[in-house]
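The values are calculated or read from the model by the stated rules, or taken from the named source; none is laboratory data. Note that the structure is predicted; figures quoted are calculated from it, not measured. Don't worry about glycine lacking a Cβ; one is built from the backbone with ideal geometry, like all the others, and counts go over all protein chains shown. The area values use the complete protein model at the heavy-atom level, side chains included, leaving out ligands, DNA and RNA. Shrake-Rupley method; radii C 1.70, N 1.55, O 1.52, S 1.80 Å.
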Amino acid sequence: IAMLRAIVVAAAVAACSSASAGGRSGGSADAPSLLQLPPHAAAAPACPDHLSYGGSDALDAAWSSDYRQAQGLAASVTSAVQAVKRPLRAHIFVQRSAVPYFQKLFGMPRGCLSVEAAVGQAVAILHPFDPELVSKSIPLMSSALLHARGNLDTPEQAVRLYMHRFLDGKTVIWLDSDTIVKGDLTPLHEQFVKVNRTIAFANRLKRLRHTMNISNPCHFEAHAWDRLMDEIVYNTGVFIVNLERWASRHTTESIEGYVAQHNACDGKLWSGGDQVPMLLSFFVPFLRGAPRDWGVFGPEWNLDEMRCGRKLRPERFKYARVLHWAGGHKPWNAAGCYREIWLPYLRNFSKPFPSGRGLARTSRR
């Protein structure tokens with residue numbers, strides 16, 4: 001019996017050595033064996049190239065989110081999937097640490113960062129980023145302002161200024177996670193292509209003097225200061241941008257410079273987040289003689305009247321293409337405003353993304 005065991009062991013060793021040698025002779029010396037691959041790697045499906053989904057006919061829209069805004073993101077993406085009448089690439093920027101949560105939320109295959117919607121013509125694509133990428137674009141803000149207007153100092157807020165690092169050369173419609181798309185976004189895209197500008201915002205009445213410190217305590221050197229104060233402070237929760245032009249004019253670097261100046265004087269140059277430096281990066285060159293590089297589209301593309309205490313005008317709501325819950329009372333909070341308008345979109349999230357069933361439960365601030 002002992003002799004028989006020795007023969008079996010010797011045969012097994014020889015067989016393993018032969019198989020190992022055969023594997024090396026038949027492939028690359030650097031190729032890992034199955035034992036060296038991550039768990040389940042051999043069985044994982046190949047991830048499709050959804051960045052080219054829909055080809056040149058597709059429309060690119062972008063959002064960002066963290067765990068707290070996940071319900072808002074789900075409702076907003078659902079509304080866009082329902083409203084857009086052409087293939088939609090929904091780009092979603094999340095911190096790298098949050099990737100597993102959003103992969104599960106959208107039902108992405110193991111190891112993949114995108115998935116095709118179960119209904120409609122759309123794909124959801126995650127773009128992981130690290131907070132260090134956006135640190136130079138986060139301005140100082142008071143705690144009172146953050147309480148009143150929401151989380152304006154988060155990396156998710158600032159990552160929109162770095163989209164060119166991920167979506168090279170694309171024209172993208174940015175939508176905050178507190179928006180609902182009511183109308184097809186295609187006319188906005190077509191209108192923007194015709195104006196040949198870097199960026200465009202929805203028209204509004206508020207002026208920059210209502211946001212910047214008109215006493216100029218930081219000694220901001222801007223040509224024609226009075227004219228600058230008369231520029232419109234566009235809401236940047238919805239905009240459309242040509243990322244190739246954005247990158248070529250070094251817009252992000254310009255914004256970082258204004259934020260550095262604001263932070264160096266204890267955050268006294270303006271009140272708010274990255275909205276003002278983003279606008280300054282276009283206004284200041286124009287006032288110094290450069291061609292105007294921003295466009296303006298109708299206010300129906302960013303109806304930012306979805307706030308508590310503000311009466312929603314029926315005629316504005318009827319023709320609105322994008323609803324925007326600007327301010328601190330978000331609809332996914334229990335005390336949010338106009339929840340009855342927003343909630344059906346959240347409940348429909350599981351139609352394009354079935355893994356999101358159960359997300360539509362009451363949330364608390």
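Here are a few things to note about the model shown:
- Screening the range 306-341 for residues that are touching a helix residue (DSSP H, G or I) at 6+ places or on another chain (Cβ under 7 Å), assigned to a loop (DSSP other than H, G, I, E, B) and hydrophobic (A, V, I, L, M, F, W, C) and picking the one that is nearest to GLN157 (Cα to Cα) gives TRP332.
- Scanning the range 342-351 for residues that are over 23 Å from ALA144 (Cβ atoms), in contact (Cβ under 8 Å) with a residue 24 or more places away in the chain, in contact with a helix residue (DSSP H, G or I) (Cβ under 7 Å, 6 or more places away or on another chain) and among the small types (Gly, Ala, Ser) turns up nothing.
- In the set (1) open to solvent by 10 Å² or more (accessible area, probe 1.4 Å); (2) part of a loop (DSSP other than H, G, I, E, B); (3) at pLDDT 95 or above, the condition left unmet by HIS164 is number (2).
- Residues in the range 173-210 that are over 15 Å from VAL84 (Cβ atoms), hydrophobic (A, V, I, L, M, F, W, C), assigned to a loop (DSSP other than H, G, I, E, B) and under 18 Å from the mean Cα position of the chain (by Cα): 0 in all.
- Here the condition is being closer than 24 Å to HIS189 by Cβ and surrounded by fewer than 20 Cβ atoms within 10 Å (Cβ to Cβ); of GLY257, GLY267, GLY295, it holds for GLY295 alone.
- Among the candidates LEU280, LEU303, residue that is closer than 18 Å to VAL233 by Cβ, in contact with a Phe, Trp or Tyr (Cβ under 6 Å, 6 or more places away or on another chain), buried (at least 19 other Cβ atoms within 10 Å of the Cβ) and among the aliphatic types (A, V, I, L, M): LEU280
- Filtered by the rule that a residue be assigned to a helix (DSSP H, G or I) and open to solvent by 40 Å² or more (accessible area, probe 1.4 Å), the range 45-54 gives LEU51, SER52.
- Subset of the range 236-258 [touching a Phe, Trp or Tyr at 6+ places or on another chain (Cβ under 7 Å) and of a type outside the set (Val, Ile, Thr)]: PHE239
- Search result, residues across the range 99-122 that are touching a Pro at 6+ places or on another chain (Cβ under 8 Å) and hydrophobic (A, V, I, L, M, F, W, C): VAL99, CYS112, LEU113, VAL115, ALA117, ALA118, VAL119, ALA122
- If you filter the range 306-339 down to residues that are of a type in the set (Phe, Trp, Tyr), within 16 Å of LYS182 (Cβ to Cβ) and touching a Leu at 6+ places or on another chain (Cβ under 8 Å), you find that the one that is surrounded by the fewest Cβ atoms within 10 Å (Cβ to Cβ) is PHE317.
- Pair list, Cβ under 7 Å, 6 or more apart: the range 106-132 residue farther than 23 Å from LEU346 by Cα, other residue β-branched (Val, Ile, Thr): PRO128/VAL94; PRO128/VAL99; PHE129/VAL159
- Residues being touching a helix residue (DSSP H, G or I) at 6+ places or on another chain (Cβ under 9 Å), polar (S, T, N, Q) and at pLDDT 95 or above are entirely absent from the range 99-109.
- Any hit, the range 26-41, residues being open to solvent by 70 Å² or more (accessible area, probe 1.4 Å), modelled with pLDDT under 95, over 20 Å from the mean Cα position of the chain (by Cα) and among the acidic types (Asp, Glu): yes
- Failed item, numbered, when SER143 is tested on (1) over 21 Å from ILE255 (Cα atoms); (2) hydroxyl-bearing (Ser, Thr, Tyr); (3) at pLDDT 95 or above: (3)
- The helices (runs of 4 or more DSSP H) found entirely in the range 220-301 that carry 2 or more residues being under 21 Å from the mean Cα position of the chain (by Cα) and within 16 Å of HIS210 (Cβ to Cβ) are 275-287.
- The number of residues in the range 61-88 that are in contact with a Leu (Cβ under 8 Å, 6 or more places away or on another chain), open to solvent by 10 Å² or more (accessible area, probe 1.4 Å) and either part of a loop (DSSP other than H, G, I, E, B) or over 19 Å from LEU346 (Cα atoms) (or both) comes to 3.
- Any chance THR154 is at pLDDT 90 or above, among the hydroxyl-bearing types (Ser, Thr, Tyr), buried (at least 18 other Cβ atoms within 10 Å of the Cβ) and touching a helix residue (DSSP H, G or I) at 6+ places or on another chain (Cβ under 7 Å): no
- Residue within the range 113-130 that is β-branched (Val, Ile, Thr) and assigned to a helix (DSSP H, G or I) present: no
- Residues of the range 192-228 satisfying the condition of being of a type in the set (S, T, N, Q) and open to solvent by less than 90 Å² (accessible area, probe 1.4 Å): THR198, ASN203, THR211, ASN213, SER215, ASN216
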